[in-house]
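What follows is a set of notes on a single structure, which appears directly below.
Only the coordinates and a few stated rules stand behind these numbers; no lab work does. Please read these numbers as outputs of a predicted model, since none were measured by experiment. Quick reminder, even Gly has a Cβ in these numbers, built from the backbone with ideal geometry, and neighbours come from all protein chains shown.
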Amino acid sequence: MADLATTDLFDAAEQWWGAEHTDRKAGVVVAIRAMIAGFRRHRYLLLALSEVSAYDREVGAYWRARVATFADMVRARLDSDRTAGRVSPDLDPPATALVLTSMVERTIAVAFSANTGISDQELAEALGRAIWLIVYGDAPQGE
């Protein structure tokens, strides 16, 4: 069950990180919206997985490995974009991948753990904007 839930959660984001980012913010918002929809479909399992991972070794190892696989993919993309001059040379790929992964994971979990009054679309727009600005906000001109 956890494999199905995490596939639904990460699939769209993995596709976006693997694609060209010529559409500016729109593509990342679509990917985040799909992540949110995947989280919504499996919210009880994913919330339990996140909580139990804090105190159960096997569950924790599974969840951390799944998130680490995603973070490694983000880091590799950031490395590639930095080498190609598409992002700031000051961007630190490992640290930025950790920040982005943690930000998205925690934000979505909090949004589904409490009634925030924020719609899925509003959440996708805010996360998409934050991701875009973190990655490309200080990119060299012309990118």
Okay, helix-only estimate at 222 nm for the chain: each DSSP H run of n ≥ 4 adds -39500 (n - 2.57), divide by all residues, round to 500 deg cm²/dmol; what do you get?
-> -26000 deg cm²/dmol
Per-q log10 I(q)/I(0), the chain, q = 0.12 Å⁻¹ (Debye; single scatterer per alpha-carbon; no solvent) = -0.48
Could you grab the relative contact order for the chain? Cα pairs under 8 Å, six or more apart, rounded to a whole percent.
-> 31
Among the helices of the chain (complete DSSP H runs), which have Cα atoms covering no less than 20 Å along the helix axis and a Kyte-Doolittle mean of at least 1.0?
-> 93-113
Qualifying chymotrypsin sites (Phe, Trp or Tyr not before Pro) for the range 45-143 [loop in DSSP, other Cβ within 10 Å: at most 15] = Tyr55
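For Arg106 and Ala2 in the same chain, what is the full-extension length gain: residue separation times 0.36 nm, less their Cα-Cα distance, in nm?
35.7 nm
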